[in-house]
Amino acid sequence: MGRIMAIDYGRKRCGVAVTDCLRISANGLPTVRACDLMQFIKDYCSKEPVDIIAVGEPRDMHGNPSESARYIEPFLNRLRKEMPDKEIVRVDERFTSTIAHREMIAGGFKKKQRAEKGRADEMAAVLILTSYLDSLAFHQ
């Protein structure tokens with residue numbers, strides 16, 4: 001059984017998280033520039049078995065695709081083309097950035113640490129992955 005990878009796709013930076021090999025816990029990986037993301041995924045998948053890639057799906061308060069969803073579609077099309085052996089799933093990512101900032105505050109992160117570019121993106125990817133894992137457990 002391969003790992004599950006989650007991506008919090010952004011126009012500049014992308015948060016990435018993966019499960020352990022038993023798919024129990026979600027762990028953040030270094031934030032990746034959007035232009036380098038595909039190569040990062042390929043490199044990671046060449047070293048570690050990954051079966052599923054969960055990509056955050058931005059939605060508005062009514063559950064409709066948000067404005068930023070249009071930036072993710074080209075990436076998803078390329079991902080499907082370049083990684084045809086991977087299952088690509090979408091995960092509702094509403095509030096992940098807000099929750100990530102709250103978690104950093106609760107975790108005692110200093111203001112300067114919270115302002116570091118990429119830290120919230122990484123945490124949002126962990127939240128997306130955790131949400132996906134929870135949905136799998138719920139459906140079993």
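The values are calculated or read from the model by the stated rules, or taken from the named source; none is laboratory data. Keep in mind it's a predicted model, so treat the numbers as computed, not measured. FYI the Cβ positions are ideal-geometry reconstructions off the backbone, even for glycines, and counts take in every protein chain you see. Ligands, DNA and RNA are excluded from the accessible area calculation, which covers all protein heavy atoms including side chains. Shrake-Rupley method; radii C 1.70, N 1.55, O 1.52, S 1.80 Å.
Peptide packing for 122-132, 77-87, 9-19 was compared via the average number of neighbouring C-beta atoms within 10 Å per residue; ordered from the highest value, the list is 122-132, 9-19, 77-87. Between the amide H of VAL91 and those of VAL55, GLY56, GLU57, distances stay under 5 Å, these residues lying 5 or more places away or on another chain, with hydrogens modeled in the peptide plane. When you count the other C-beta atoms within 10 angstrom of each residue and take the mean per peptide, 26-35, 40-49 line up highest first as 26-35, 40-49. Over segment 34-85, accessible surface divided per residue gives 59 Å², non-protein components excluded, 1.4 Å probe. Geometric descriptor of segment 1-76, per residue, is 100 Å³ (volume of the convex hull of the Cα atoms).
Residues whose amide H falls under 5 Å from that of VAL50, counting only those 5 or more places apart or on a different chain, are ARG3, with hydrogens built in the peptide plane.
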